[in-house]
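The values are calculated or read from the model by the stated rules, or taken from the named source; none is laboratory data. Every value quoted in this text rests on a predicted model; they were computed, and no experiment measured them. Cβ atoms come from the backbone with ideal geometry, glycine included; neighbour counts cover every protein chain shown.
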Ligand SMILES: *Cc1c(COP(=O)(O)O)cnc(C)c1O
């Protein structure tokens, strides 16, 4: 199938790109490149992909995504810091996780060739607009929505895969103050916590806004069964350095398996750190911060890379301040990971991939 697929480049897409200029101030996920990739899946069969002008999409008001949250997504980045060409970071991991998310929602998986066609086409055509300073990138947002019109609860027979892209700066500058969430949970046992679906985020917003109103940046979620051990933040995994060892909660079915998390674990081990993936009771962690055994903590994710945590606060208002913010482990892991992602350092893991030439404008079919 991969050899047969050919993206249709709509004339309006070329026009839109010709007239596009990057603004001075980028922010994160605010500016969109003026094109998007779209492919439809009807009864399990994927149609031709199109690069078309960015803009509103037409949906029947009874479309299933609007009522039953039939949506899943990915978040990844294309980098152009070293050299003129864009690279992707571990795209095959995003392909695999995207498929897992689709299966969990009983929606069609996007085959690797369709996913890569979408991501590579938009990245290749938008390459001139990828900012090239360190910590800048093209943030890519692939997502699938169930479009079948009718209010009956059931599997959507029609689905649309879309990729949009945003030239962006770092997601979160500085460190974060997090509030332990003792009541609500982000994910349920047997639920969708381990997959990347919009519904998880909808359920997290009430807690997040409570945390904000108390002066914190994010909620720190606990396990849904006993609310006694830490899981993650709403969109980032969590690490802590305790007695010199790097700890992160082990994947348990309700934690999202972050690709940054996985990369940091491998990178940390290669740099000689001992990494412990185990259940992390919240009370022991707060005690360890209080007595100094926990020297630093940080969050990880594609958007934020590595973001130090300065304070963990409990619901009773007690604040536990991390001794080192940012700590040396967070700083060295961040620089090592960014160095590989941005092509400034050797990539001994084979994580970084060029965009195949076939996706670039000169060889694409122009409609
Ligand atoms: C996307 C996401 C992460 C981070 O995953 P990465 O692959 O590292 O970007 C962590 N937690 C949740 C809930 C997420 O949705």
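Some observations on this one:
- Which numbered condition residue 67 fails, given (1) touching a strand residue (DSSP E or B) at 6+ places or on another chain (Cβ under 9 Å); (2) not in a loop (DSSP other than H, G, I, E, B): (1)
- Residue 103 passes every criterion in (1) in contact with a helix residue (DSSP H, G or I) (Cβ under 9 Å, 6 or more places away or on another chain); (2) more than 27 Å from residue 130 (Cβ to Cβ); (3) part of a helix (DSSP H, G or I) apart from (1).
- The requirement of being more than 20 Å from residue 175 (Cβ to Cβ) and assigned by TED's automatic domain parsing to the domain that holds residue 180 is satisfied by residue 223.
- Restricting the stretch 237-250 to residues that are surrounded by fewer than 16 Cβ atoms within 10 Å (Cβ to Cβ) and over 13 Å from residue 324 (Cβ atoms) leaves a set whose member that is farthest from the ligand (Cβ to nearest atom) is 243.
- Residue 85 passes every criterion in (1) within 19 Å of residue 354 (Cα to Cα); (2) surrounded by fewer than 20 Cβ atoms within 10 Å (Cβ to Cβ); (3) within 16 Å of the ligand (Cβ to nearest atom) apart from (3).
- Scanning the stretch 95-113 for residues that are more than 19 Å from the chain's Cα centre (by Cα) and either assigned by TED's automatic domain parsing to the domain that holds residue 191 or closer than 17 Å to residue 147 by Cβ (or both) returns 106, 107, 108.
- Matching residues, the stretch 21-58, being surrounded by fewer than 16 Cβ atoms within 10 Å (Cβ to Cβ), farther than 19 Å from residue 119 by Cβ and touching a residue at least 40 places away in the same chain (Cβ under 8 Å): 22, 27, 30, 42, 43, 44
- Filtered by the rule that a residue be in a loop (DSSP other than H, G, I, E, B) and more than 16 Å from the ligand (Cβ to nearest atom), the stretch 265-289 gives 271, 272, 273, 274, 278, 279.
- Unmet criterion (only one of (1) within 16 Å of the ligand (Cβ to nearest atom); (2) under 19 Å from residue 234 (Cα atoms); (3) outside any loop (DSSP other than H, G, I, E, B)) for residue 257: (3)
- Test set (1) at negative phi; (2) out of contact with any strand residue (DSSP E or B) (no Cβ under 8 Å at 6 or more places or on another chain) - residue 83 fails condition number: (1)
- Among residues of the stretch 195-221, those that are under 29 Å from residue 145 (Cα atoms) and either more than 10 Å from the ligand (Cβ to nearest atom) or touching a strand residue (DSSP E or B) at 6+ places or on another chain (Cβ under 8 Å) (or both), counted: 17
- Residue check, residue 234 in contact (Cβ under 8 Å) with a residue 24 or more places away in the chain, buried (at least 18 other Cβ atoms within 10 Å of the Cβ) and within 15 Å of the ligand (Cβ to nearest atom): yes
- Which listed residue is on the phi > 0 side of the Ramachandran plot and in contact with a helix residue (DSSP H, G or I) (Cβ under 9 Å, 6 or more places away or on another chain), from 227, 186: 227
Residue by residue, here is whether (1) on the phi > 0 side of the Ramachandran plot; (2) over 27 Å from the mean Cα position of the chain (by Cα); (3) surrounded by 18 or more Cβ atoms within 10 Å (Cβ to Cβ) holds:
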{"residue": "265", "(1), (2), (3)": "no, no, yes"}
{"residue": "277", "(1), (2), (3)": "no, no, no"}
{"residue": "287", "(1), (2), (3)": "no, yes, no"}
{"residue": "306", "(1), (2), (3)": "no, no, yes"}
{"residue": "310", "(1), (2), (3)": "no, no, yes"}
{"residue": "317", "(1), (2), (3)": "yes, yes, no"}
{"residue": "324", "(1), (2), (3)": "no, no, no"}
{"residue": "329", "(1), (2), (3)": "no, no, yes"}
